[in-house]
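The values are calculated or read from the model by the stated rules, or taken from the named source; none is laboratory data. The model shown is predicted, which means the values in this text are computed figures rather than measured ones. Heads up, the Cβs are rebuilt from the backbone with ideal geometry, glycines too, and the neighbour counts pull from every protein chain shown. Just so you know, the surface numbers come from the protein's heavy atoms only, side chains and all, with ligands and any DNA or RNA stripped out. Shrake-Rupley method; radii C 1.70, N 1.55, O 1.52, S 1.80 Å.
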Amino acid sequence: MSALRLTLRAAPAQRVDCAPLTPAALGGKSAAEIGALLLASAGQVVRVDSLFAIEGTPGETLVLAGATAKLDGIGTALTGGTIEVDGDAGDYLGRGMAAGTIRVSGSVGTFAGSGMTGGELRVRGNAGDFLGAPLPGEHRGIRGGLVLVEGN
């Protein structure tokens, strides 16, 4: 099994939208191409390689090592594969995911699992407010899948 490991170099000063980082989106890309991807952060964009050290080969598994609660949107619209978060995850973890697995060793922020239709979300720590709830203005939150939280 091949795995791509992104290790956070230092905690970001601002929140970062990590929604573009999924196994399917990164599959077939070189380390240089992944490093050049842009992520939104506080009205600006930052390169992936300025935030993360990149190791391994893209495949079915993506590991985010040293993650913090400032990394939002991890696993957004996940359609397959596995994302392993070593540390905490920010808001909107697994939002709209349809398939695959997300495992978090720490805690997660607000609206985790919102809009899920399938897949599996496992959190060893605590979940923030509105777990599986719809975002303001939406009528339905989680509609399928499995969410397991070992903490509060």
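What FRET efficiency do you get for Ala53 and Glu138 if R0 is 41 Å and r is their Cβ-Cβ distance, rounded to the nearest 0.05? All intermediate terms of the calculation are to be shown ahead of the outcome.
Details: r = 36 Å, r/R0 = 0.89.
Efficiency, from the Cβ-Cβ distance: 0.65.
What ³J(HN,Hα) values, in whole Hz, does the Karplus curve 6.51 cos²θ - 1.76 cosθ + 1.60 give for the range 3-15 when θ = phi - 60°, with x put for Gly and Pro?
9, 9, 10, 10, 9, 4, 6, 7, 4, x, 6, 10, 5
Find the accessible area per residue for the range 80-152; the probe is 1.4 Å, ligands and nucleic acids are left out, and the unit is Å².
On the way: 3290 Å² over 73 residues.
For the range 80-152, the per-residue accessible area is 45 Å².
For the modelled label position 7 Å from the Cα of Gln44 along Cα-to-Cβ, which residues of the range 1-34 have backbone nitrogen atoms closer than 14 Å?
12-17
About the Cα centre of the range 25-152, what is the dipole size in debye to 20, counting +1 per Lys and Arg Cβ and -1 per Asp and Glu Cβ, all else neutral?
I would put it at about 240 debye.
Using 1/(1 + (r/R0)^6) with R0 = 22 angstrom and r between the beta carbons of Glu33 and Asp86, what's the FRET efficiency to the nearest 0.05? Before the final figure, lay out the partial values.
Details: r = 23 Å, r/R0 = 1.06.
Computed FRET efficiency for Glu33 and Asp86: 0.40.
Given +1 on the Cβ of Lys and Arg, -1 on the Cβ of Asp and Glu, and no further charges, what dipole in debye does the range 12-76 carry about its Cα centre, rounded to the nearest 20?
So the magnitude is around 160 debye.
Where does each of Phe130, Phe52 land when they are ordered by accessible area, with a 1.4 Å probe and the largest first?
Phe130, Phe52
What distance in nm separates the two pseudo spin-label positions at Ala11 and Ser105, each 7 Å out from Cα along the beta-carbon direction?
Output for this residue pair reads 1.7 nm.
Select one label from (1) 121; (2) 95; (3) 159: the one whose number is volume of the Cα convex hull per residue in Å³ as derived from the coordinates shown.
Here the calculated entry is (2).
Report ³J(HN,Hα) in whole Hz for each residue of the range 68-84, in order, from the Karplus equation J = 6.51 cos²θ - 1.76 cosθ + 1.60 where θ = phi - 60°; Gly and Pro get x.
10, 5, 8, 9, 8, x, 4, x, 4, 6, 4, 10, x, x, 10, 10, 10
Skipping prolines and chain starts, which residues have an amide H placed within reach, meaning under 5 Å, of the one on Thr101, given they are 5 or more residues away or on another chain?
When sequence neighbours closer than 5 places are left aside, the close amide H contacts are Gly81, Thr82, Ile83, Glu120.
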